[in-house]
Amino acid sequence: MTIDRPGTTTIRTAVRLAHFGLDVLPLVWVLGVCAAELALPRGAHLAQLLAAAPAVACVSTARRRCVLRATVCAVAGLGLLILLGTVTPGAPVGILLSILAVSVISYFSRNRSDRLQNELDRTREIAEAAQQALLRPLPAAVGTVGVAGEYLSATHGAKVGGDLYEVLGTPYGLRAVLGDVRGHGLPALGTVAALLGSFREAAHDEPGLDGVLRRMERAFHRHLQTAGSGDPDGLGDEEFVTLLLVELQEDGAVRTVNCGHPWPLRTAPGPDGTVQVRELEPPRLSMPLGMAEPVTEQVPVDQDRLAPGEALLMFTDGAEDARSPEGEPFPLAASVASIVRARQPEPQELVARIRDGLMKHAGGRLPDDVALLVLRRSGTALPPAPPEAPSLLAERP
């Protein structure tokens, strides 16, 4: 048994009424022309407008049979005016030929439009399947860490573009990546695919985040050389990527590698019972990928600790670059503080409320892609990492 949600019946009724209105629009056009021809003095010659009925049907509805129905209505309307004697002698033949000509053109135009629409629908299905394979749905949790993510594309009709994220449970704890490729939309998908493929493999193999970063950087440079094979320098269009790598251990230890990316926000219960929002510290940055040669020196790896109940909000700079119609930037930190002031919401709820606030602030139009990722640690320990796991983390004194 199917149970409709509240308002579903109303929506379906409105849709049916809209379709009915489009179907009868050519008939309304024919009746209007006939009424005007009968009401106005002779010599107005409005009967010629009956030829527009098939074109009205072609524009207003996607069904070809409506074009044929409009043709029948137009011919019937012409016959009515002839019987009433309002059409001048000799005019009916020309009007009838006009109706038939417009009907034929409208019918085959609708047929071609239907074929193009079907091809567009198939292309969208293929693109959505490719996008979902590239940016896979995130798990609701990894161990006892709640996970939620959201992607907002600046390209109309696309679900992914120049931003990327992934969360994996690995032998070395939870590992996550958030990145932002220069540009957005379909041209950035090749770079996103190269980086995500490299991260998904390296996160399980490399004991340290510095090793993960080096693997991703090598994959990125190989992609640039392949994509820019027609350029003298082999660097494509001088692409670069900002990256944030995060590793969360079973005891709450957080390690991060930041390559020119905005630092995440941290939500933590305060001493007065409220939830506070602050930036994760300490902020040490490396150069974005593609802005320099592949790293050979030590990579700065920052350390912090996430207490039970605390959460990290990772985001790309599109969230801060979004502007209101008046040009005001989106106050991300203040918005998060307002959401978590009374309580710490679940990751899915936090992401959804930030997304809604962002879209409302920007009037539904984003200048750049936005990726949001929330990791919230619960009070239960994560599954332990393998004992004696070697570490290649390069810590700075």
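The modelled label-to-label distance between E346 and L168, using points 7 Å beyond Cα along the C-beta direction, is 2.7 nm. For the stretch 63-210, the calculated P(r) over all alpha carbon pairs, in 5 Å bins from 0 to the bin holding the longest distance, is 2, 8, 12, 12, 10, 8, 6, 5, 5, 5, 5, 5, 5, 4, 3, 2, 2, 1, 0 percent. Using heavy atoms of the protein chains and a probe of 1.4 Å, the accessible area assigned to T123 is about 80 Å². Counting only protein heavy atoms and using a 1.4 Å probe, the accessible area of E349 comes to about 60 Å². Taking label points 7 Å from Cα along the Cα-to-Cβ direction, R182 and A333 give a separation of 2.8 nm. Placing dummy labels 7 Å off each Cα toward the beta-carbon, the span from R365 to E201 is 4.2 nm. If a paramagnetic tag sat 7 Å from the Cα of E128 along the Cα-Cβ line, which residues of the stretch 350-380 would have the backbone N under 12 Å from that point? Taking a point 7 Å out along Cα→Cβ of E128, no residue of the stretch 350-380 has its backbone N under 12 Å.
The values are calculated or read from the model by the stated rules, or taken from the named source; none is laboratory data. Just so we're clear, the structure is a prediction, and the values are computed from it rather than from any experiment. Note that we place each Cβ from the backbone using ideal geometry, even for glycine, and neighbour counts take in every protein chain shown. What goes into the accessible areas is simple: the full protein's heavy atoms, side chains included, and nothing from ligands, DNA or RNA. Shrake-Rupley method; radii C 1.70, N 1.55, O 1.52, S 1.80 Å.
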